[in-house]
Amino acid sequence: MRLSVGKTFIAAILCLALAACGGPQAAPAAAGKQPAPAAAGARVAPAVAAAAAAATTTTTTSPYCGITWGSTAKASGPLSSAPLVAVRTGRHTCWDRVVFEFNGTAKGYSVRYSSPILTEGEGVNLVPYTAGGAHLWVTLRAPAYDANHVATIQGRTGDHMVNVLRYTTLRDVVFGGSFEGYTTFAVGVRARLPFRVMLLAGPGTHSRIVVDVAHRW
């Protein structure tokens, strides 16, 4: 009887000791239960942060050119005796360019979309012989010959004057002749697009009339 009471007393003391040490560990979370959200200010994994930044980034696929030129006829300036000496083209981000260079100061031009485009002196329509979905009639108020009526550019009426392979907008530049101080070109482009005309000084004592045709509206 004494031995049984002693065992009971010892077991009670052990139970009290276990309770003082914190007892058994907490049970694990139930299966499928989501963890609580991270507290404010907690660090986010670098990969997660990079993905979030990429999702909010916007990219620009084409440049904004701010072109407001329009496609209506443009004309300015008087006749000049400065002869045309070169015709060349250039590609730019927002437009293709045709450059007419003169030996001296040229100021006069008339540029418009047209069909037909007639050669100087003969009146032959150049449009059927000029590539492009639309055509600019470029009249330079200056000759393509000198005071002795010797041609100052290499080209005859109807000749294709430049190579526009890989150009975005330009399709052709055809010489329409020069007569009584006026010189004509048919400029073929892919569509009726905005264009501008500028007078530029140089190089040296030369001058240039520049026609820029936009790639898009």
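A few points about this structure:
- Taking 93, 183, 130 and counting other C-beta atoms within 10 Å, the order from fewest to most: 93, 130, 183
- Simple label model, 7 Å out from Cα along Cβ direction - residue 200 to residue 107, nm: 2.1
- Computed extension gain for residue 85 through residue 180, at 0.36 nm per residue and net of the alpha carbon distance, reaches 32.5 nm.
- Where trypsin sites (Lys or Arg not before Pro) fall in DSSP loop in region 150-217, at most 10 other Cβ within 10 Å: 156, 166
- Footprinting exposure proxy for 136, 193 (fewest neighbouring C-beta atoms within 10 Å first): 193, 136
- Charge tally in the Cβ shell below 14 Å around residue 127, where Lys, Arg are +1 and Asp, Glu are -1, residue 127 excluded: +2
- Once the Cα-Cα distance is subtracted from the 0.36 nm per residue extended length, the residue 166 to residue 191 segment shows a gain of 7.4 nm.
- Counting other Cβ atoms within 10 Å as a rough exposure proxy, the listed residues 96, 172 run 172, 96 from fewest neighbours to most.
- With the simple spin-label model, which puts each label point 7 Å out from Cα in the Cβ direction, the residue 159 to residue 216 separation comes to 3.7 nm.
FYI, it's all coordinate maths here, none of it is from the lab. Here the structure is a predicted model, which means the values were calculated and not measured. Note: ideal-geometry Cβ built from the backbone for every residue, glycine included; neighbour counts use all protein chains shown.
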